[in-house]
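See below for the structure under consideration.
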Amino acid sequence: MDVSDQIKLFGLNNLAIEAELKKVEKKLGFPVRVVDELEDKDNEFYPQFPEHIRREAQEMARHYEIFYCLETSIRQLIGDRLKEEIGPDWWNRGVPENIRNNAEANRRRESEMAMTPRSDEMIDFTTFGELGQIISANAEIFGDTFRDLKAVSRVLMYLNNLRAPIAHCCPLAEDEVSRLRISLKDWFRQMS
């Protein structure tokens, strides 16, 4: 396992520890972690939401954090690997045209809404599903990154299905939480 994989695992382990600390806080009824000052600013509005929605949000937050780390690390892996193999023009030479066009449309739409740009990197404007397509389109490059590209494609399909309720503020059923954990294990198992 290379250094970048070790760093990714370190990050996911930290998320798991934080989730356990949240459970301890809930059980003991008082905070164990240091509260971020920004959280205090949100307290003006947060108490106005029903308690059951706030509890649900806390439970879903750890799934979002894990998915955020996963998706961001996949984008970084793809960009780093293509840059290493293709060079600085990797976006134009290694990413299918339809995905480049969609990313440009996403960037333009945000710009027209006067939003702060989310990134200078075009890969950050791709969808999660498109990341799997980029890997598939560059099978010869990613063949030594993963054990089995068909398995990677299957894992990304499961993760993409699990991403929808997380991204659209719907609670994950207990079975889907288990499926998320298994899919994450499957993802890391596929790393060569």
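The values are calculated or read from the model by the stated rules, or taken from the named source; none is laboratory data. Note that the structure is predicted; figures quoted are calculated from it, not measured. We place every Cβ from the backbone using ideal geometry, glycine too, and count neighbours over all the protein chains shown.
Tabulated values for the structure
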| item | result |
| --- | --- |
| Residue list for the range 169-192, filter: aliphatic (A, V, I, L, M), in contact (Cβ under 8 Å) with a residue 24 or more places away in the chain and not in a helix (DSSP H, G or I) | L172, M191 |
| Selection from the range 1-49 of residues that are at pLDDT below 75, of a type in the set (A, V, I, L, M, F, W, C) and over 23 Å from I66 (Cβ atoms) | F30 |
| Residue list for the range 123-163, restricted to those being at pLDDT 95 or above, within 16 Å of the chain's Cα centre (by Cα) and not in a helix (DSSP H, G or I) | T126 |
| R81 vs. criteria in contact (Cβ under 8 Å) with a residue 24 or more places away in the chain, closer than 18 Å to L159 by Cα and part of a helix (DSSP H, G or I) | no |
| Selection from the range 106-131 of residues that are closer than 20 Å to N92 by Cβ and in contact (Cβ under 8 Å) with a residue 12 or more places away in the chain | N106, R107, E121, M122, I123, D124, F125, T126, T127, E130, L131 |
| In the range 84-100, the residues that are touching a Leu at 6+ places or on another chain (Cβ under 8 Å) and touching a residue at least 40 places away in the same chain (Cβ under 8 Å) | G94, V95 |
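A quick yes/no check of all residues on (1) under 30 Å from K27 (Cβ atoms); (2) surrounded by fewer than 14 Cβ atoms within 10 Å (Cβ to Cβ); (3) modelled with pLDDT of 95 or more:
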| site | (1), (2), (3) |
| --- | --- |
| E51 | yes, yes, no |
| F67 | yes, no, no |
| P88 | no, yes, yes |
| W91 | no, no, yes |
